[in-house]
Amino acid sequence: MPGVRIGGTDRIDVRKTYKLYIDGAFPRSESGRSYLVSNPKGAELANASRASRKDVRDAVRAARKAAEPWAARTAMNRGQVLYRVAELMEGRRDQFVAEVAAAEGMSGRRARTLVDHAIDRWVWYAGWADKIAQLLGSSNPVAAPYFNFTIPEATGVVGMVAPESSSLLGLVSRLAPIVVSGNAAVVIASETRPLPAITLGEVLATSDVPGGVINLLTGLKAELVPVLAAHVDVDAVDTWGVAAEQQAPVEISAAESIKRIARRPKGISDAAFDWTDDRAAQRPEWIAAFLEMKTVWHPIGA
Amino acid sequence: MAVMATETKPGAAVPAPVATNGGAPLPAPLPTPGGPPNSWGLGDGQAIPWEYAPAPESREIVTIRERYGLFIGGKEVAASDGLTFTTIDPSTELPLAEIAQATQADVDAAVRAARQAQSKVWGKLPGRERAKYLFRIARLLQERSREFAVLESIDSGKPIKESRDVDVPLAAAHFWYYAGWADKLDYAFPGRVARPLGVAAQVIPWNFPLLMLAWKIAPALAAGNTVVLKPASTTPLTALLFADLCRQADLPPGVVNIITGPGEIGMALVTHPDVDKVAFTGSTAVGRKIAQGIAGQGKALTLELGGKAANIVFDDAPLDQAVEGIVNGIYFNQGEVCCAGSRLLVQESIAELLIAKLKDRLSTIRVGDPLDKNTDVGAINSRAQLDKITELVAAGVAEGAELYQPACELPGRGFFFRPTLFTNVAQSYRIAREEIFGPVLSTITFRTPEEAIEKANNTPYGLSAGIWTDKGSRILMMVKRMKAGVVWANTFNKFDPTSPFGGYKESGYGREGGLHGLQAYVRLEDR
């Protein structure tokens with residue numbers, strides 16, 4: 001089983017054990033299970049942790065604990081924390097290129113483009129942290145003596161089913177808009193291409209993103225997604241990476257606790273979506289999908 | 001706006017009225033313990049022994065026909081199988097009219113009419129022309145406001161002063177506000193083109209029948225959608241009168257379609273494969289069923305569901321003003337309000353005084369004929385709702401809460417319920433957890449702001465909240481910590497077409513009102 005080759009070949013590689021990323025730590029699945037990950041051509045890459053329903057619950061608990069303090073940070077601070085993720089990814093650029101090339105079975109050149117876009121995407125969303133409230137908030141001219149204003153707030157804990165094809169850029173493109181506003185995320189990574197997600201976890205662990213704000217699980221979507229969708233302490237789900245035949249069952253369980261549901265738009269295929277198209281793949285609406293609008297009435301008078 | 005009651009001018013003295021059918025098999029009201037409050041009133045919480053002269057609003061302005069059909073493609077039609085159901089006056093239990101009971105075939109026809117109108121007419125009409133139709137509707141509603149108000153009170157049981165001063169003016173204001181958006185969509189969403197979603201299926205409740213119609217139809221039409229609306233089966237009349245208004249406005253056929261019938265017809269409508277957008281206001285249980293019914297269909301969905309709002313009174317609040325706000329928060333529209341302030345959270349140090357003042361105030365609330373201009377609390381909307389309120393109040397007593405009801409006289413027939421105040425309520429009691437949707441207030445005390453926040457947020461709902469304090473910085477701190485979509489500071493139950501309304505958590509998602517409400521009816525495309 002060849003490892004991901006970063007350096008020379010004249011020594012024996014030190015291979016990495018891919019684990020989960022929960023609450024700022026890297027546990028194996030509590031179930032002790034793993035599954036074999038191959039590249040699209042069938043070559044073996046590594047064993048990934050096969051998370052269990054208990055791992056999902058642990059991740060949700062970590063996310064819930066982290067969500068309120070994360071949302072309470074200043075917007076500028078959250079922006080800087082996201083920018084820091086880009087800084088750290090930049091330093092590991094070659095590693096990400098090698099991992100994405102291996103995971104997605106593509107040339108190094110193509111993988112480099114994807115990784116560059118993933119880094120730039122963090123930068124793009126980092127800048128939104130202290131602007132989205134001005135774009136989506138309002139002061140409302142009510143016909144009565146009240147100062148009335150509307151402010152966006154983070155929804156809370158978001159369960160995210162990552163795109164299946166795009167192991168890193170797709171993941172970052174959906175994750176950054178969730179966390180930039182103050183949400184905490186529980187991510188189920190691409191099932192077939194999970195390894196770059198865990199390496200992203202290594203970046204997150206050494207960045208300033210507080211433990212628990214982003215939790216990354218690898219495993220079988222058929223097993224994990226229903227648990228995440230049904231969890232009553234999850235406030236919203238991003239179903240981009242849900243298989244078409246699973247969409248309705250996921251929405252049915254999500255509706256049990258009136259979760260917000262963000263969907264892949266009709267007619268857009270996960271495999272064919274071009275994540276390098278900035279107009280299409282980075283949008284303030286994707287931040288808005290995980291926000292609540294709070295309207296306040298305050299009397300005007302002496 | 002939502003001002004609940006005015007000061008009472010005493011008339012001739014009569015003996016204290018004897019409680020009649022309280023609607024609930026409950027103990028008679030008890031004298032208030034704890035001594036009189038020091039500011040006003042008699043202090044014993046009993047009914048002030050005055051008789052009020054009746055001040056009935058004339059019904060003459062309204063003609064209620066014997067039967068009403070569905071409004072499909074600009075025409076009034078009978079149900080495909082000819083079946084009807086009866087709508088009654090909840091204040092007398094007497095029948096008002098026979099209403100067509102739509103079938104699946106009628107749903108199909110209505111959606112077809114809406115689709116045709118959207119793709120052939122309404123969707124192609126320039127925004128400035130759509131705007132003028134909506135302005136016409138706003139004007140017509142103003143012109144016929146008294147007719148709508150009287151009919152609304154007759155069919156729903158709500159007091160005339162409320163339908164006259166709140167529901168109908170606000171409904172007209174909604175059309176007015178969104179009319180102006182119809183030709184300004186290019187400026188509404190920076191960098192994006194706003195396209196209509198297509199056909200909107202809208203299901204609305206019985207507590208604000210005409211106002212909810214306006215909240216649904218105005219933004220949908222402004223954005224270029226057409227609609228099929230289903231009013232609640234107990235309150236179809238103002239929606240059907242609105243159909244006549246569409247005719248007067250020369251609105252193109254099929255732009256607004258109204259079908260009437262039970263909940264199953266609402267479900268058939270929202271799950272119809274040719275519907276693009278679903279908007280529902282009602283209970284969380286039904287909202288959940290709708291979300292599950294359309295799962296996987298890719299329809300846009302907004303839900304405005306139940307609530308269990310905390311109305312939080314701090315020790316530095318202006319108490320007399322707070323009492324008015326509490327009364328308005330829970331007894332407005334018989335408490336049949338999703339955002340009603342049904343949990344009163346009082347700081348411990350002022351609890352005794354505030355409760356005494358509140359009991360005193362309750363004794364002057366006038367319950368009775370919805371068409372009497374002095375009525376504060378009208379009829380409960382239906383027998384089923386009255387039964388539900390009765391059952392939950394009985395549960396509150398059984399669980400150990402202390403009940404207070406003023407000894408006001410209730411009409412001999414119709415669905416009426418006394419304004420009810422519970423003290424000694426634990427958070428675990430059903431009356432503190434479940435949405436009662438009636439004139440029932442549960443009081444809970446707290447010591448610190450932290451405890452108030454914890455208790456206020458301790459519910460799966462998150463629609464609204466109230467904060468009463470003299471301290472601005474505390475208001476904004478509480479605003480930040482409340483999980484609620486609308487927060488009223490030193491006021492309650494205020495609404496405006498420019499002000500986004502909607503819930504957190506299990507109170508639903510999406511907003512109605514303002515620019516945010518417009519967004520719920522558009523698809524944003526790249527420029």
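Rounded to whole numbers, the Karplus 3J(HN,Hα) couplings from phi for region B:154-159 are 5, 7, 9, x, 7, x Hz, using 6.51 cos²θ - 1.76 cosθ + 1.60 with θ = phi - 60°, and x at Gly and Pro. Listed from fewest to most Cβ neighbours within 10 Å, the set B:269, A:220 follows the order A:220, B:269. 3J(HN,Hα) along region B:179-193, derived from phi through the Karplus expression 6.51 cos²θ - 1.76 cosθ + 1.60 where θ = phi - 60°, amounts to 3, x, 7, 4, 9, 10, 4, 5, 9, 7, 10, x, x, 10, 9 Hz, with x in place of Gly and Pro. In µm²/s, what is D for chain B at 20 °C and 1.002 mPa s, where D = kT/(6 pi eta Rh) by Stokes-Einstein and Rh is the Kirkwood radius from Cα pairs? It diffuses with D of about 91 µm²/s by this estimate.
For chain B, averaging the sequence separation of C-alpha pairs within contact (under 8 Å, six or more residues apart) and dividing by the residue count gives a relative contact order of 20 percent. Would you mind pulling out the separation of the Cα centroids of region B:212-244 and region B:72-101, in Å? Centre-to-centre (Cα) distance: 16 Å. Taking amide H positions as modeled 1.01 Å from N, with prolines and chain starts lacking one, the residues under 5 Å from residue B:417 and 5 or more places away or on another chain are B:380.
Taking a sphere under 10 Å around the Cβ of residue A:28 and counting the other residues whose Cβ falls inside, with K and R at +1 and D and E at -1, yields a net charge of +1.
Would you tally the net charge around residue B:128, using a Cβ to Cβ cut-off of less than 10 Å, leaving residue B:128 out, and scoring K and R as +1, D and E as -1? Around residue B:128, the surrounding residues sum to +1. Whole-Hz Karplus values for region A:140-150 come out as 10, x, 5, 8, 6, x, 9, 8, 10, 9, 10 Hz, taken residue by residue from phi with 6.51 cos²θ - 1.76 cosθ + 1.60 and θ = phi - 60°; glycine and proline positions read x. Note: relative contact order over region A:181-302, using C-alpha pairs below 8 Å and six or more positions apart, is 22 percent.
Taking other residues whose beta carbon is less than 15 angstrom from the beta carbon of residue B:104, and scoring Lys, Arg as +1 and Asp, Glu as -1, yields -3. For the pair region B:375-421 and region B:196-210, the centres of their Cα atoms are 29 angstrom apart.
Counted over all Cα-Cα pairs of the protein assembly as shown, pairs farther apart than 42 Å make up 36 percent.
Take every DSSP beta bridge whose two residues both sit in chain B; close to 35 percent of them are antiparallel. Rg/Rh for region B:310-489 stands at 0.95; both radii use Cα atoms, and Rh follows the Kirkwood definition.
Per residue, the convex hull spanned by the Cα atoms of region B:80-205 amounts to 136 cubic angstrom. Exposure proxy ranking for B:373, B:494, B:216, based on other Cβ atoms within 10 angstrom of each Cβ and starting from the fewest, stands as B:373, B:494, B:216.
So how far, in whole Å, is the C-alpha centre of region B:482-524 from the one of region A:199-274? Answer, in whole Å: 26. Its Cα gyration tensor gives region A:34-299 an equivalent ellipsoid. The semi-axes, each the square root of 5 times an eigenvalue, are 31, 21, 17 Å from largest down. With the cut-off at 28 Å, tell me which of the pairs A:294/B:471; B:277/B:455; A:54/B:480; B:230/B:373 have Cα atoms farther apart than that. In this structure, B:277/B:455; A:54/B:480; B:230/B:373 lie more than 28 Å apart at Cα.
Since every read-out is calculated from the coordinates, none of them should be taken as a lab result. Just so we're clear, the structure is a prediction, and the values are computed from it rather than from any experiment. Neighbour counts run over all protein chains shown; Cβ positions are idealised from the backbone, glycine included.
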